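Right, one structure below, let's go through it.
The values are calculated or read from the model by the stated rules, or taken from the named source; none is laboratory data. Because the structure is predicted, anything quoted here is derived from the model rather than measured. No Cβ is skipped: glycine too gets one built from the backbone with ideal geometry, and neighbour counts run over all protein chains shown.
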Amino acid sequence: MKFYKKGEIIAEDGRKEKELFILMRGAVAIYKGDVKIAEFNETGTIIGEMSLILETERTATIVALEDSEVVNLKISLDLLIEKFPGIAKSIMKTMAERLANLTDNYWKLTSKTREKDLQEFDEEEK
């Protein structure tokens, strides 16, 4: 377990690390550039799993929003599945929930755009 002070970077965009994190106490945010794209404060939240699964560089930066304790789990995906199947299952569930939320948000955004386009079309036809 590692302690991070408020404002401290936990993981940085562009770095290639085989590591994921489990939030034990505190709050963290995920940033893409200077835009906050997510915030987590629930004990047991798994973060940083994408680069581990995809074996790529980190796609965002994780920052402690307040003093936080985080378990840093340095492990390969294959070993994670073999040794910690419960965590692997939790990651799959978390990713599915995040994808469902993203899909819903995308649908809402595109629905508003389609409604606006239809209104503009109707006004042009009049």
Checklist entry - small (Gly, Ala, Ser) and over 20 Å from Asp13 (Cβ atoms) - does that describe any residue in region 31-39? => result no
Next on the checklist: When the residues of region 18-34 are narrowed to those that are under 16 Å from Lys2 (Cα atoms) and of a type in the set (A, V, I, L, M, F, W, C), which ends up farthest from the chain's Cα centre (by Cα)?
Outcome noted: Met24
Next on the checklist: Suppose we filter Thr113, Thr61 for residues that are modelled with pLDDT under 95, hydroxyl-bearing (Ser, Thr, Tyr) and either surrounded by 14 or more Cβ atoms within 10 Å (Cβ to Cβ) or over 14 Å from the mean Cα position of the chain (by Cα) (or both); which single one remains?
Outcome noted: Thr113
Item to check | Among (1) more than 13 Å from the chain's Cα centre (by Cα); (2) surrounded by 17 or more Cβ atoms within 10 Å (Cβ to Cβ); (3) in a helix (DSSP H, G or I) - the single one Ile91 does not satisfy | outcome: (1)
Item to check | Top-ranked residue of region 1-46 - restricted to ones that are surrounded by fewer than 14 Cβ atoms within 10 Å (Cβ to Cβ), among the hydrophobic types (A, V, I, L, M, F, W, C) and in contact (Cβ under 8 Å) with a residue 12 or more places away in the chain, ranked as nearest to Asn72 (Cα to Cα) | outcome: Met1
Next on the checklist: I'd like the residue in region 37-58 that is β-branched (Val, Ile, Thr), part of a strand (DSSP E or B) and under 10 Å from Leu23 (Cβ atoms) and, out of all such residues, is farthest from the chain's Cα centre (by Cα).
Outcome noted: Ile46
Next on the checklist: Residue under question is Glu49, and the condition is that it be acidic (Asp, Glu), under 23 Å from Met1 (Cα atoms) and surrounded by 16 or more Cβ atoms within 10 Å (Cβ to Cβ); does it hold?
Outcome noted: yes
